[in-house]
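Engineer: Once you've had a glance at the structure underneath, I'll fire off some questions.
The values are calculated or read from the model by the stated rules, or taken from the named source; none is laboratory data. Keep in mind that this is a model prediction, so the values were computed, not measured. Every residue, glycine as well, gets a Cβ built from its backbone with ideal geometry; the counts of neighbours run over all protein chains shown. All accessible areas refer to the heavy atoms of the entire protein, side chains included, with ligands and DNA or RNA removed. Shrake-Rupley method; radii C 1.70, N 1.55, O 1.52, S 1.80 Å.
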Amino acid sequence: MREESQAFVREVPLPDGAATERLGSAIAAGLAVGDAVALEGDLGAGKTTLARAILRALGVSEEVPSPTFTLVQHYETRALAVRHYDLYRLKDAAELRELGLDEALDEGAALIEWPERAGPALPADALHVALSITGSASRRAQLRGPGKWAAHV
Ligand SMILES: Nc1ncnc2c1ncn2[C@@H]1O[C@H](COP(=O)(O)OP(=O)(O)O)[C@@H](O)[C@H]1O
Ligand SMILES: [Mg+2]
């Protein structure tokens, strides 16, 4: 099962902000109800920037704040509902249940910063996007997840 849910592996260089925007559009095009996107990487790696690119590509025109303090922000897009999480300040599994990750995935998709904090609540079929800093304006994305993503990214 695990092998099947991790069939897609790809490295995408992000030499500038425009490349990150393009990756966001590609992920947005594949996003469906039940999909979780796990955005991994250090502070400043570009998790929020990529989440914004995904939401913009889905048609969100309002400002997309970082959910650093609220932990979750909700968006209704033309295609589907999306919840954007930042779990850095998550206290425990009970708080995560209150934040409604299960409902989020029943009703739409979830973009999750600091997904490590979700522990076993993170779906096994999440698309993992690990961002690393390669220069002042450049990043690298390492993606792995279900095979369906090969058609989009
Ligand atoms: N190629 C790039 N892709 C994404 N962000 C970049 C890139 N180059 C520079 N940056 C900058 O890096 C910072 C990333 O911040 P942010 O997205 O808030 O990171 P995180 O959410 O991972 O802490 C932003 O200031 C962004 O403008
Ligand atoms: Mg962030």
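Engineer: Condition test on ARG83, is it crowded, with 21+ Cβ neighbours inside 10 Å, of a type in the set (D, E, K, R) and out of contact with any Ser or Thr (no Cβ under 6 Å at 6 or more places or on another chain)?
Structural biologist: Taking the combined requirement at face value, the residue satisfies it.
Engineer: If you check ARG89 against the conditions, is it open to solvent by 50 Å² or more (accessible area, probe 1.4 Å), assigned to a loop (DSSP other than H, G, I, E, B) and within 28 Å of ALA18 (Cβ to Cβ)?
Structural biologist: When the stated conditions are applied, ARG89 does not pass them.
Engineer: May I pose another question? The conditions are (1) more than 25 Å from GLN142 (Cα to Cα); (2) aromatic (Phe, Trp, Tyr); (3) open to solvent by 20 Å² or more (accessible area, probe 1.4 Å), and TYR75 fails exactly one of them. Which is it?
Structural biologist: For TYR75, the failing item is (3).
Engineer: List the pairs whose first member sits in region 79-95 and is without any contact (Cβ under 8 Å) to a residue 60 or more places away in the chain, whose second member is of a type in the set (S, T, N, Q), and whose Cβ atoms are under 6 Å apart, counting only residues at least 6 apart or on separate chains?
Structural biologist: Final answer for the pair search is HIS84/GLN73; ASP86/THR68.
Engineer: Moving on. Quick test of your reading of the structure: THR70 fulfils all but one of (1) within 16 Å of ligand 1 (Cβ to nearest atom); (2) open to solvent by 100 Å² or more (accessible area, probe 1.4 Å); (3) hydroxyl-bearing (Ser, Thr, Tyr). Name the failing condition by number.
Structural biologist: Tallying (1) within 16 Å of ligand 1 (Cβ to nearest atom); (2) open to solvent by 100 Å² or more (accessible area, probe 1.4 Å); (3) hydroxyl-bearing (Ser, Thr, Tyr), THR70 fails exactly one: (2).
Engineer: Evaluate the following for THR48: is it within 12 Å of ligand 2 (Cβ to nearest atom), within 24 Å of ARG144 (Cβ to Cβ) and of a type in the set (Ser, Thr, Tyr)?
Structural biologist: yes
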